[in-house]
1. Per residue of region 60-74, what does 6.51 cos²θ - 1.76 cosθ + 1.60 with θ = phi - 60° give for ³J(HN,Hα)? Whole Hz please, x for Gly and Pro, Karplus curve as stated.
2. Which entry in (1) 11, 44, 38, 6; (2) 10, 29, 35, 23, 4, 0; (3) 9, 33, 32, 18, 6, 0 is this structure's computed P(r) over Cα pairs in 10 Å bins from 0, in percent?
3. Return MET71, MET46 ranked ascending by Cβ neighbour count within 10 Å, so the fewest neighbours appear first.
4. Can you pull out the trypsin sites (Lys or Arg not before Pro) in region 85-136 that DSSP calls coil and that have at most 13 other Cβ atoms within 10 Å?
5. Compute the label zone of LYS88 within region 120-160: residues whose backbone N is under 14 Å from the point 7 Å along Cα-to-Cβ.
6. How far, in nm, would the chain grow between VAL51 and SER154 when pulled straight, counting 0.36 nm per residue and subtracting the alpha carbon separation?
7. Nearest 500 deg cm²/dmol is fine: what mean residue ellipticity at 222 nm does the chain get from its DSSP H runs of n ≥ 4 alone, each adding -39,500 (n - 2.57), divided by its residue count?
8. What are the residues whose amide H is under 5 Å from the amide H of PHE55, where those residues sit 5 or more places off or on another chain and H is modelled from the backbone?
Amino acid sequence: MMSPFIPLFSLRQLNGFQNARYVDPYAGGNGNSVRFTAIVDHHPTMQVRAVENLFCAGEKVGMMVGHTEAMLTGTLAGYNAALFAEGKEGLVLPQTTACGAFIAFCERELSRTEGRNFRYTFSGAIFWDYMLNNGLYSTNRRQISERIAAAGLSGIFSAV
C-alpha cells in the first residue's frame, strides 16, 4: 500500500499546490498517489500545443480516469504521431462518435475552472449522462459499426 510522503497541510504550502487534495475513497481518505498535477494543453488530436512533435495521452490529457480512456487517448495520440511523422494532418474524432464526443466534452469541461473538480469516464458520472442524453451509448455492434462508417472511420484503428 502506498501512502503520501507529504502531509496535505505541508503540500499546500508549496506554490501551485494551495488547493491540492488527496482523492482515494478506497483507503478511507489516505491518498496513495499523486495524480492530475500536470495536465497538458493539447489539440483534439492529442498533439501538445507547446511542442510540435509531442503527443500526450491518459491523465496528461485531462481529468480522464480509467483504462478505456487511456486506451482511447493513447491510440489516438499514437495514430496522429504516425501521421505527423508522414507530414499529414492529424485525425480529430467527430462528436458523432462516443470517443470523439468524450474528448470534446472533456475539453469543454476542463476549460471551465469548476470543470477541473470532476473526473471524466465512460463508465458513469457526468459523461455517462451526456452519452445517454445524446444517443451515443449503444451495445449494438451493428449500430456502432454504422455510426463509425457514417463518420468515415471504418478500419481507422483496426488492422482487421
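Just so you know, all these numbers are worked out from the coordinates, no wet-lab data involved. Everything numeric in this text was worked out from a predicted model, so none of it was measured. Every residue, glycine as well, gets a Cβ built from its backbone with ideal geometry; the counts of neighbours run over all protein chains shown.
1. Going residue by residue, I get 5, 6, x, 7, 8, 10, x, 5, 4, 5, 5, 5, 4, 5, x Hz, with x marking Gly and Pro.
2. Matching entry in (1) 11, 44, 38, 6; (2) 10, 29, 35, 23, 4, 0; (3) 9, 33, 32, 18, 6, 0: (3).
3. Working: MET71 13, MET46 28.
Fewest-to-most Cβ neighbours within 10 Å comes out as MET71, MET46.
4. Numbers: sites: LYS88, ARG108, ARG112, ARG116, ARG119; in loops: LYS88, ARG112, ARG119.
The qualifying sites are LYS88, ARG112.
5. What the label zone holds, given the 14 Å backbone N cut-off, is 153-159.
6. Numbers: separation 103, 0.36 × 103 = 37.08 nm, distance 3.00 nm.
Additional length available on full extension: 34.1 nm.
7. Details: 5 runs with 55 residues, N = 160.
Estimated from H runs of four or more residues: -10500 deg cm²/dmol.
8. VAL48
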